[in-house]
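The values are calculated or read from the model by the stated rules, or taken from the named source; none is laboratory data. Because the structure is a prediction, the values reported are computed rather than measured. Neighbour counts are summed over all protein chains in view; Cβ atoms, including those assigned to glycine, are modelled from backbone coordinates with ideal geometry.
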Amino acid sequence: MPDDTDTASAGAGADPEDAFALIGNETRAAILRALGETPHEGVSFSDLRSRVDAEMDSGQFNYHLSQLVGQFVDRDDDGYTLRSEGLALYRQIRAGTFNRRATVEPFEIGLDCYFCGSLVEGEYEDGTFELTCSGCGHVYAHTQLPPSAVEGAETDELLDRVDQYNRHRMLAYARGVCPICASALDTALVPAEDVWSDGSDRLDVFVDLDCGHCGADHFLSVGLAVLYEPAVVSFFRDHGTDVTSLPHWELEWAMTDEFLGVRSTDPWEVALEVERDGETLELVVDEDLAVEARRS
């Protein structure tokens with residue numbers, strides 16, 4: 001097996017720009033794809049070369065492979081395998097994130113805008129799926145998705161995917177964990193006028209979730225931030241509904257501040273009321289995002 005110990009040490013800890021430049025070469029990208037087909041199985045040098053290009057000179061192939069070792073590829077007695085970084089990149093390539101384009105023309109999702117009554121439509125373009133009011137333009141969902149997520153999907157299936165994917169990210173944010181880098185978040189209640197996003201003036205309060213590590217800064221309505229609170233889940237279950245499977249944009253109490261009251265801003269305290277079959281669940285949220293629930 002060729003000796004690439006020196007290049008392995010050189011590749012480890014490379015700058016992000018240099019790391020991505022490594023896979024700009026067609027042969028190196030092909031190596032990642034070949035290893036990605038059996039990500040947890042060691043592949044010998046000769047077998048890997050035959051998978052990529054059996055006619056390529058052995059020295060030339062070793063040069064390209066050695067550029068990946070330490071950053072995207074590991075080498076041990078069992079052969080070559082993808083590191084976690086390489087596997088993540090391979091999956092992005094398979095999803096078409098970097099090299100494919102897809103479009104989904106606007107379609108109705110069966111929801112009337114809570115603010116103006118117009119139809120809300122779904123659309124996918126340039127890697128972004130949006131749910132937007134056709135009248136006032138309010139954005140109900142803005143989600144980055146690879147083309148593979150929408151290619152060949154029926155609209156109902158696509159909406160379900162987007163809902164569950166967004167819920168997955170919102171749950172991490174609401175629990176104080178960055179879904180991008182898994183670092184701890186700084187969280188705070190902030191007035192809507194301090195939020196820059198389009199349509200923020202239609203709400204009164206946001207939960208600001210800021211990651212000091214990767215720079216992610218996300219805003220949730222109070223309703224979306226408490227969507228998985230045990231009191232909320234059990235309240236809906238007691239009334240025959242699984243709130244975790246309902247499209248979150250169909251929950252008016254979570255998408256608007258119609259049912260939210262600000263009790264204090266110094267310190268912050270807000271109260272959200274959720275009604276179901278004549279029973280009301282009141283959720284009192286303080287500035288530390290601690291929740292106290294009462295039924296009446």
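So, in the stretch 177-213, of the ones that are aliphatic (A, V, I, L, M) and assigned to a loop (DSSP other than H, G, I, E, B), which residue ends up surrounded by the most Cβ atoms within 10 Å (Cβ to Cβ)?
Going residue by residue through the stretch 177-213, those that are aliphatic (A, V, I, L, M) are 177, 180, 182, 184-185, 188-190, 192, 195, 203, 205, 207, 209.
Going one step further and asking which of them are assigned to a loop (DSSP other than H, G, I, E, B), we end up with 180, 182, 185, 195, 203.
Values: I180: 14, A182: 11, L185: 22, V195: 16, L203: 19.
That would be L185.
Report whether or not S118 is over 20 Å from the mean Cα position of the chain (by Cα), at pLDDT 90 or above, over 30 Å from F259 (Cα atoms) and not assigned by TED's automatic domain parsing to the domain that holds H218.
No: the conditions fail for S118.
D4 versus (1) at pLDDT below 65; (2) among the acidic types (D, E); (3) surrounded by fewer than 16 Cβ atoms within 10 Å (Cβ to Cβ): which is the lone unmet condition?
(3)
From the set of residues in the stretch 241-268 that are closer than 19 Å to C133 by Cα and among the aromatic types (F, W, Y), which is surrounded by the fewest Cβ atoms within 10 Å (Cβ to Cβ)?
Only one residue fits best here, namely W249.
Given the criteria more than 25 Å from I109 (Cβ to Cβ) and within 24 Å of the chain's Cα centre (by Cα), does L189 qualify?
Answer is yes for this residue.
Table: residues versus (1) in the same structural domain as E273 (by TED's automatic domain parsing); (2) among the acidic types (D, E).
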| residue | (1), (2) |
| --- | --- |
| G176 | no, no |
| G199 | yes, no |
| V207 | yes, no |
| C211 | yes, no |
| C214 | yes, no |
| L227 | yes, no |
| S234 | yes, no |
| D238 | yes, yes |
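Please enumerate the residues belonging to the stretch 271-296 that are farther than 15 Å from Y228 by Cα, small (G, A, S) and in contact (Cβ under 8 Å) with a residue 12 or more places away in the chain.
Within the stretch 271-296, A271, S296 qualify.
Just one of (1) touching an Asp or Glu at 6+ places or on another chain (Cβ under 7 Å); (2) within 30 Å of I109 (Cβ to Cβ) trips up V274, so point out which.
(1)
List the pairs whose first member sits in the stretch 154-167 and is under 15 Å from E250 (Cβ atoms), whose second member is at pLDDT 95 or above and in a helix (DSSP H, G or I), and whose Cβ atoms are under 8 Å apart, counting only residues at least 6 apart or on separate chains?
D163/H248; D163/W249; N166/H248; R167/H248
Within the stretch 271-296, which residues are under 21 Å from M170 (Cα atoms) and not in a strand (DSSP E or B)?
The answer is E287, D288, L289, A290.
Listed here are the residues, each with its yes/no results for (1) at pLDDT below 65; (2) surrounded by fewer than 16 Cβ atoms within 10 Å (Cβ to Cβ); (3) in contact with a Gly (Cβ under 7 Å, 6 or more places away or on another chain).
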site: F20; (1), (2), (3): yes, yes, no
site: L32; (1), (2), (3): no, no, yes
site: H40; (1), (2), (3): no, yes, no
site: F45; (1), (2), (3): no, no, no
site: G110; (1), (2), (3): no, yes, no
